[in-house]
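Written out below as structure tokens is the structure these notes cover.
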Amino acid sequence: MIDDLDLGFDEPERGEKGRHRRGFRKRNGRSGGGRGKTFLALLMALVLLGGIGGVAFYGFDRIQNYFVTPDYDGAGAGEITVEIKNGALLADMADALVAADVVKSQKAFIEAAEANSRSKNIQPGTYKLRKQMSGASAVTAMLDLKNKIVNGLTIPEGRTAKNIYKLLSDKTKIPVKDFEAAAKDPEALGVPDWWFAREDGKKVVKSVEGFLFPDTYEIPPKATAESILKLMVDNFLSVSGEMKFADRVQKERKVSPYEALIVASLAQAEAGNKDDLGKVARVAYNRVYGEFNCNCLEMDVTVNYYLESIGKPTKSSKQMTAAELDDQKNPYNRKLRGLVPTPINNPGKQALEGAMAPPTGKWLYFVAIDKEGHSEFAETYEQHQRNEAKAREAGII
């Protein structure tokens, strides 16, 4: 120990009359004989302090990792594409960026996004980015539309699956037959099997019709027919889930979600104006589940759906023959009791809302009365005839 070292200082000597005198004693004729020991002591002290400092630095470095966000510097290098999926939260975006080595940590991106008020404008899609960017640089790059790979396609509300395949094929150059093949197994595309349950005793026909949600989609590079249809099904499940569509129609309408989806597709096809979607849905419910004379739909749109499905041109009501209107071989016959086997198109959110929460009314009939597509609704056939007269006067029918 340092206390045991002789550092060369003498004990005070007592002089005359008891006084103390300080000084160095001479040893072997030389003064300062303890200098070598002094140096050794100082060296050992430095080594000891250095060891403590090393441990302290190591500990600080470890602790720093907990409090300092791991982040790259600068705008990165090279180029990589990253897909941000529909419904992605900041954490989901960060995970995708970390996986692609665009940013160093999830925290780096999230903190940068939270510090940028425009980050809420980051949209789903595919982005051209660089590897090893700082979190702030990644956020800035994703807000620059030049870095977004735009391959968007809008699917209008009320299109049939067959029509959607054609739109997708024209955009992506993927053959229609590939979409038709992928659509043969709706559950493989993500539609849960419980969606196909029915309470009306009708045979279950599993179809992707109704589940291809109308929206604007960014088609990712190297997309396949299956991946695109999965994207649309996932969007449907997300939107209907947020609406609590399945829960509400079972509780409030006392029908299965699939039956309500069929009704939404009927409303989408028949309503000439979005204001009437709920009322048309109410008519469908009243005809099939109420006291309508045949408990049938008697809607020409179901006939047109069948014609399209077998490759024939669709027709207006005036053009349809009696044989076409009442074809016994047609599973979508307008006079068959109950709802048709499947949805007849892919309805939008407002049509789903109309089928989920239609306005209260005993209407059984409706007819368009103006060029904007608004309809008049009636509870009796006599009222309906008067409404038809208005439509003829307006030149609508």
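The values are calculated or read from the model by the stated rules, or taken from the named source; none is laboratory data. Treat the numbers as computed from the prediction; the structure is a model and nothing was measured. Glycine gets a Cβ as well: all are built from the backbone with ideal geometry, and neighbour counts include every protein chain shown. In case anyone asks, the SASA skips ligands and DNA or RNA and just uses the protein heavy atoms, side chains included. Shrake-Rupley method; radii C 1.70, N 1.55, O 1.52, S 1.80 Å.
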Alpha-carbon centroids, region 273-311 and region 254-270: separation in whole Å: 9
Rounded percent of accessible protein surface that carbon and sulfur make up, region 76-156, 1.4 Å probe: 50
Anchor residue 222: aspartates and glutamates whose Cα lies under 20 Å away (excluding residues fewer than 8 positions away in-chain): 79, 83, 170, 178, 180, 234
Whether region 254-397 is rounded, prolate or oblate, judged on the alpha carbon gyration tensor where a/c under 1.5 counts as rounded: rounded
Set of lysines near residue 206 by C-alpha distance (under 24 Å), chain-local residues within fewer than 8 positions excluded: 162, 166, 177, 184, 230, 244, 251, 254, 312, 329, 335, 349
Rounded to the nearest 10 Å², the accessible area of residue 392 at probe 1.4 Å: 130
Cα-based Lys pair tally, region 91-148, threshold under 20 Å, eight or more apart or on separate chains: 11
Long-range amide H partners of residue 365 with built H, under 5 Å: 378
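With the cut-off at 1.5 for a/c, could you classify region 72-112 from its C-alpha gyration tensor as rounded, prolate or oblate?
Since a/c reaches 1.5 but b/c is at least a/b, the shape of region 72-112 is classed as oblate.
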Residue 296 long-range amide H proximity, modeled H, under 5 Å: 338
Long-range HN-HN contacts of residue 76 with modeled amide H, under 5 Å: 134
Those GluC sites (Glu not before Pro) in region 240-315 that DSSP places in a loop and that have at most 10 other beta carbons within 10 Å: 291
